[in-house]
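What follows is a single structure, written as structure tokens, with notes after it.
The values are calculated or read from the model by the stated rules, or taken from the named source; none is laboratory data. On a predicted model such as this, the values are computed, not experimentally measured, just so you know. Virtual Cβ from ideal backbone geometry, glycine too; neighbours counted across all protein chains shown.
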Amino acid sequence: MTKPLETDYDLYIKELQSELKELSEQLQECLDEKDYKYADFYQKAIWRIERKLQIFNSLNSNKYKLDEQKLDDAIIELRDGILKRFKFILLPACDFYLNFYKLDSGELYCELPKEEVLLGAYHYVFFPAQIPSILRLGFVPNAKNDNTLGLEFSVGSNNSCLEIKIIIARLMLDILQIPPGSNGYISKHPVK
């Protein structure tokens, strides 16, 4: 019997767990050698990884938070043609958002703001040096507009939005360092 292919979520969780194991081993070595300066460094790194694991594992649980369900609902409504587009405002303090819309091909599209908006969020969450990390998540320059980066995605079986939510979570937590309780919200634009 063949094993099902691992999703990006599964691979990322395994990567985090592997990193956690390696950091724990290095921490123990430092403690054994009484090198408390580096032990402190490894302990802080372990706490960061444990927090990420906690957040990502909550994405995969059946106990959705209200905000996560609202994002799922908006993505499904976009796919089904109820919405023309929507914005997921990640950080209201500097109006940093992701723009979601449907392409002519029927694929769904997640787009970062234009460069001038990103630069407006400079010092809050965005630094130009983060662009290579954003590109590694799968975002590519928009062929129609060179000032934006976007990502095509689709909704998985059983209306699962997990894959795009993982990419968004990695963008928020790993790259932009937006805290999980940032009070983000969704602005919907229905089809007229």
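Could we say that Ile134 is closer than 28 Å to Glu50 by Cα and part of a loop (DSSP other than H, G, I, E, B) here?
Numbers: closer than 28 Å to Glu50 by Cα: yes; part of a loop (DSSP other than H, G, I, E, B): no.
In short, no.
What number goes with the only condition from (1) at pLDDT 80 or above; (2) of a type outside the set (Phe, Trp, Tyr); (3) surrounded by fewer than 19 Cβ atoms within 10 Å (Cβ to Cβ); (4) over 14 Å from the mean Cα position of the chain (by Cα) that Pro113 does not pass?
If we test Pro113 against (1) at pLDDT 80 or above; (2) of a type outside the set (Phe, Trp, Tyr); (3) surrounded by fewer than 19 Cβ atoms within 10 Å (Cβ to Cβ); (4) over 14 Å from the mean Cα position of the chain (by Cα), just (3) comes out false.
Does Lys192 meet the test of being without any contact (Cβ under 8 Å) to a residue 24 or more places away in the chain, over 28 Å from Trp47 (Cβ atoms) and not hydrophobic (A, V, I, L, M, F, W, C)? Spell out the reasoning first.
Details: without any contact (Cβ under 8 Å) to a residue 24 or more places away in the chain: no; over 28 Å from Trp47 (Cβ atoms): yes; not hydrophobic (A, V, I, L, M, F, W, C): yes.
Criteria not met by Lys192.
Going by the conditions given, is Leu118 in contact with a helix residue (DSSP H, G or I) (Cβ under 9 Å, 6 or more places away or on another chain), at pLDDT below 90 and either farther than 21 Å from Tyr185 by Cα or part of a helix (DSSP H, G or I) (or both)? I'd like the intermediate steps shown before the answer.
On the way: in contact with a helix residue (DSSP H, G or I) (Cβ under 9 Å, 6 or more places away or on another chain): yes; at pLDDT below 90: yes; either farther than 21 Å from Tyr185 by Cα or part of a helix (DSSP H, G or I) (or both): yes.
Yes: the conditions hold for Leu118.
Quick one: is Leu151 in a helix (DSSP H, G or I) and either among the hydrophobic types (A, V, I, L, M, F, W, C) or without any contact (Cβ under 8 Å) to a residue 60 or more places away in the chain (or both)?
Considered against the rule, which asks whether it is in a helix (DSSP H, G or I) and either among the hydrophobic types (A, V, I, L, M, F, W, C) or without any contact (Cβ under 8 Å) to a residue 60 or more places away in the chain (or both), Leu151 comes out as no.
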